[in-house]
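Colleague: Input: one structure, supplied below.
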Amino acid sequence: MSAIFRILFIVAGAITALFVARDALNFTIIQTFVAVLLVTVIVGVGSFWSQRRKT
């Protein structure tokens with residue numbers, strides 16, 4: 001489970017670094033927000049994928 005979170009935060013850190021400087025005070029807050037958005041997108045895609053396969 002920690003490996004999944006680690007990979008998720010690596011991806012979120014790379015995306016966040018495109019928009020915010022790494023030495024900004026709120027970088028970790030924005031990185032966490034991006035990680036939550038990524039989880040939401042992954043769960044959403046998974047639910048729509050399972051719906052598409054049933055029809």
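Colleague: For the Cα atoms of the chain, what angle does the longest principal axis make with the long axis of helix 2-19, in degrees from 0 to 90, nearest 10?
Modeller: Compared with the principal axis, the helix lies near 60 degrees.
Colleague: On to the next question. So how tilted is helix 27-54 from the main axis of the chain? Cα-based, degrees 0 to 90, rounded to 10.
Modeller: The answer is roughly 10 degrees.
Colleague: For the chain, what is the accessible area per residue in Å², given a 1.4 Å probe and the full set of protein chains?
Modeller: It amounts to 85 Å² per residue over the chain.
Colleague: Same structure, new question: If you build a Gaussian network model of the chain, linking Cα atoms that sit under 10 Å apart, which residue out of Ala14, Ala24, Ala35 swings the most?
Modeller: Ala24
Colleague: Efficiency by 1/(1 + (r/R0)^6): what FRET value for Phe19 and Arg52, r their Cβ-Cβ distance, R0 = 30 Å, to the nearest 0.05?
Modeller: Computed FRET efficiency for Phe19 and Arg52: 0.40.
Colleague: Strictly greater than 13 Å: what percent of every Cα pair in the range 1-45 meets that?
Modeller: Of the Cα pairs, 52 percent sit more than 13 Å apart.
Colleague: Moving on to the next point. Carbon and sulfur together cover what percent of the accessible area of the chain at a 1.4 Å probe radius?
Modeller: Using a 1.4 Å probe with all protein chains present, the chain comes out at 74 percent carbon and sulfur.
Colleague: Moving on to the next point. Under a point spin-label approximation (7 Å from Cα along Cα-to-Cβ), what is the Ile10-Phe27 distance to one decimal in nm?
Modeller: About 1.8 nm, to one decimal.
The values are calculated or read from the model by the stated rules, or taken from the named source; none is laboratory data. All values derive from a computational prediction rather than experimental measurement. Backbone-built Cβ (ideal geometry, glycine too); neighbour counts: all protein chains shown. Accessible surface areas use protein heavy atoms only, side chains included; no ligands, DNA or RNA. Shrake-Rupley method; radii C 1.70, N 1.55, O 1.52, S 1.80 Å.
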